[in-house]
Amino acid sequence: MAALGKIRSKGKILIGVIGFALFAFVAGDLVKGCESSNNARKQKLAEINGESVNALDYQKYVEEYVEASKTEIALQQSMGMAAQTPTDEQIREKAWQDFVNAKMIETETSELGLMVTDEEIQNVIQQGTHQFLGSIAIPQFHNAKTGRFDANALKQFLNSYKQAQQSNPQMAEQMAPAYKYWMFKEKQLRQALLTQKYMVLLQESVLSNPVEAKLNFNGRQQESDIQLAYIDYKSINDNQVKIEEADLQKKYDEVKERFAIGQEIREIKYVSVQKVASAADRKELQTKMKAFAAELQSAANAEQVVRKSQSLVPYAGVAAAKSVYPNDVAAKLDSMAVGSVSAMFETPQDNTLNVVKLISKTSMPDSIQYRMLSVMGKTPTETKTKSDSVLAALQDGADFEAVAKKYGQTGEKAWLTGMQQYQTALQAKDNMPIINALNEATLNEYKMVNVSQATVIVQVLERKAMQERYDVAVIKKSIDFSDETSQAIYNKFTTFVAANRDIASMEKNAAKAGYRVQELPGVTTSAGSVAGIAGTREALKWIFEANEGDMSEVFKCGNNDQLLVVALTKIYPKGYLPLSHPQVKEMVKQEVLKDKKAEMLVAKLEGVKNMAVARQKGCKTTEVKQITFGAPAVVQAVMASEPALSGAVAATAQGKFVSHPVKGNAGVYLFQVTAKRTLPGKFDARQEAQQAAMSDLNNLFQMLQFDLQRKAQVIDNRYLFM
């Protein structure tokens, strides 16, 4: 009882303690929730259709996209195909556009209940005829005879990769890029099929009718020739046209949708400084290059000299076609004697000094067909025993592919190009014995090559396309600035920026200091950089945090070889660019000028009933033939397409003069129809209806992308994560 009484006497304290404990418990969860929410906001790279895009998820997608793109390009180049290599930034921008398009389509198809099942994917792969599969670049997935995508070849590759993962890690590592490429392409195939379903559904919603079909047919078949009289808008000086602000505002309101912007736009002025080598820097590099050239001339091992020089072009140790080497190097080779070293030369295009040694020149096949298998035991002795046994079996007529499969390999025939030899040699010198064996072996001969802990058995089956090949050692060095030069450039620029802390001062004094102020009128959060300068993420962040009139500090960017200062001049919020925007105002002004000039010319030509009077009024004349209602008339005299003229001609009978002047894009027109004829052709109602529906569908598709983007309300914060 005494204890209970004591508890009662402390009741308020206990309630307070318990209450605090409960508060701490709830508050702890609240804090964790806030931290989790804050972390989610920090990882929000974008928003599409109201759905957040996590930065880590998107980064994984981009890495897969970039790797697949580079694999594709490398394969095309290795097969001698012309493949322009885009920059990483270009690949990433393409990845973003594909990602956004996919998200927009997924939202639409989800609302419609459309989806792509795994069974559909497998059926499309098995058929192998879908257009998307034709873009698959990996040769292992193609039929060796037809060169087309082959589901069986893909299945065989995937099975081989799975077996190699378990029994031959080295082989699995070599197959991994192709495997990753396919896994990404399969995701893209799913997206392509989903988009196709959506488009087919859209297509089925577009119909034509007999009236439209007949009008379209007649619009193509009825053809007219005219005698044209015209006055070009350029004949009236702009100064003769009076434009009020109200005129501009009225026209702006009419065409306002042209100036819709889906995201905020900021305008900047900036000064960028490129660091370049000084005269002293160039002289020092020239001295080093002369020394390297002397070493290269006498060295027995050219690779050591190239490696010591830290050349931008590594030494492969194999002869290769001229196209493998940089253009400036390739241009020297045919004029050089074997064993000679070129004089030092400069290449302004890549800002380098160069020295070249032609080690050998020989005629070799560009392509070698071969097959190979590797044998590896637990010990060197076991490896030799197994490989000797395999070689003996092959020489006695055993089936190569059957033997290879016992060792978890395909043993398939493959082609090795000169480009692939060069790239393989660069990747690892351990590959050189195999390359040498392929070049030295006689046709159908089996050769054993010891590579690391394994023995590789190769057989050359065919050689073709003989070409000149060059073994070349190249010392290519960038003409770089020294630390002292870099610091001097930095000090000068920061001093200029410190003395000119507003836009007006910067513009006034830049030229005196040797700098140039440039404008960038349309910076958005989706910009990958400032003015195409690499490494400007911090500058982009500053731009979207600054206020109008602010000027930044100096940013170090590029490959640590550029300096940048930015001034924010204008902010245009999402919605519509205003009439005050310089480019908008100029566009609207040109529209108003055209309208007012047209009014003046129409008033001048109203009531004209024949060509003679038209000439008296100042018109020039010409003939225009083969005008149809189905296509805009082209007036060569004023270099303009004139749809309004096509309509007016179609409505005017043969021999008649047009009833009123026609306002066009480039001038005002009068005309007399000199001939009308019906072109040969039979009306096919079904075919015409299909063509009309297709035309309507094409117009619909053109509008679709814009409408989907506007609906998606994309918020792009990539600049925060670059």
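The values are calculated or read from the model by the stated rules, or taken from the named source; none is laboratory data. Predicted, not measured: the structure shown is a model, and the values here were computed from it. Methodologically, a virtual Cβ is constructed for each residue, glycine included, from the backbone with ideal geometry; neighbour enumeration extends over all protein chains shown. Heads up: the accessible areas ignore ligands, DNA and RNA and are worked out on the full protein's heavy atoms, side chains in. Shrake-Rupley method; radii C 1.70, N 1.55, O 1.52, S 1.80 Å.
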Has region 147-160 got at least one residue that is in contact (Cβ under 8 Å) with a residue 60 or more places away in the chain, of a type in the set (S, T, N, Q) and over 25 Å from residue 712 (Cβ atoms)? yes
Only one of 514, 532, 522 is within 34 Å of the chain's Cα centre (by Cα) and on the phi > 0 side of the Ramachandran plot. Can you tell me which? 532
Say we look at region 679-688 and pick out the residues that are part of a loop (DSSP other than H, G, I, E, B) and without any contact (Cβ under 8 Å) to a residue 12 or more places away in the chain; which of these is most open to solvent (accessible area, probe 1.4 Å)? 682
Go through (1) over 21 Å from residue 168 (Cβ atoms); (2) at pLDDT 90 or above; (3) assigned to a helix (DSSP H, G or I) one by one and return the number of the condition residue 436 breaks. (2)
Given the conditions (1) open to solvent by 50 Å² or more (accessible area, probe 1.4 Å); (2) at pLDDT 85 or above; (3) over 24 Å from the mean Cα position of the chain (by Cα); (4) on the phi < 0 side of the Ramachandran plot, which single one is not true for residue 113? (4)
Those residues of region 407-428 that are open to solvent by 40 Å² or more (accessible area, probe 1.4 Å) and among the small types (Gly, Ala, Ser) come to a total of 0
Pairs under 6 Å by beta carbon, first residue of a type in the set (D, E, K, R) in region 689-713, partner surrounded by 16 or more Cβ atoms within 10 Å (Cβ to Cβ) and not in a helix (DSSP H, G or I), six or more apart or different chains? 696/206
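Results for (1) in contact with a Gly (Cβ under 6 Å, 6 or more places away or on another chain); (2) modelled with pLDDT of 95 or more, shown as yes or no for each residue.
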residue: 231; (1), (2): yes, yes
residue: 237; (1), (2): no, yes
residue: 247; (1), (2): no, yes
residue: 250; (1), (2): no, yes
residue: 257; (1), (2): no, no
residue: 269; (1), (2): no, yes
residue: 279; (1), (2): no, yes
residue: 286; (1), (2): no, yes
residue: 291; (1), (2): no, yes
Tell me which of these residue 547 doesn't satisfy, since it passes every other one: (1) touching a strand residue (DSSP E or B) at 6+ places or on another chain (Cβ under 8 Å); (2) surrounded by 14 or more Cβ atoms within 10 Å (Cβ to Cβ). (2)
Residue 276: β-branched (Val, Ile, Thr) and open to solvent by 40 Å² or more (accessible area, probe 1.4 Å), yes or no? yes
What pairs come up if the first residue lies in region 219-238 and is among the basic types (Lys, Arg), the second is open to solvent by 20 Å² or more (accessible area, probe 1.4 Å), and their beta carbons are under 7 Å apart, counting only those six or more places apart or on different chains? 220/628; 220/630
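Results for (1) surrounded by fewer than 18 Cβ atoms within 10 Å (Cβ to Cβ); (2) touching a Phe, Trp or Tyr at 6+ places or on another chain (Cβ under 9 Å), shown as yes or no for each residue.
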{"position": "356", "(1), (2)": "no, yes"}
{"position": "362", "(1), (2)": "yes, yes"}
{"position": "399", "(1), (2)": "yes, no"}
{"position": "405", "(1), (2)": "yes, no"}
{"position": "430", "(1), (2)": "yes, no"}
{"position": "442", "(1), (2)": "yes, no"}
Filtering region 127-148 for residues that are within 23 Å of residue 405 (Cβ to Cβ) and open to solvent by 20 Å² or more (accessible area, probe 1.4 Å) leaves a count of 6
Which residues, taken from region 591-627, are among the polar types (S, T, N, Q) and open to solvent by 90 Å² or more (accessible area, probe 1.4 Å)? 616, 626
Identify all residues within region 131-152 that are of a type outside the set (Ser, Thr, Tyr) and in a helix (DSSP H, G or I); write none if there are none. 131, 132, 133, 134, 139, 140, 141, 151, 152
All positions within region 199-232 that are assigned to a helix (DSSP H, G or I), under 42 Å from the mean Cα position of the chain (by Cα) and of a type in the set (S, T, N, Q): 203, 216
Filter region 449-477 down to the residues that are buried (at least 21 other Cβ atoms within 10 Å of the Cβ), farther than 19 Å from residue 404 by Cβ and not charged (D, E, K, R) and list them by number. 470, 472, 473, 474, 475
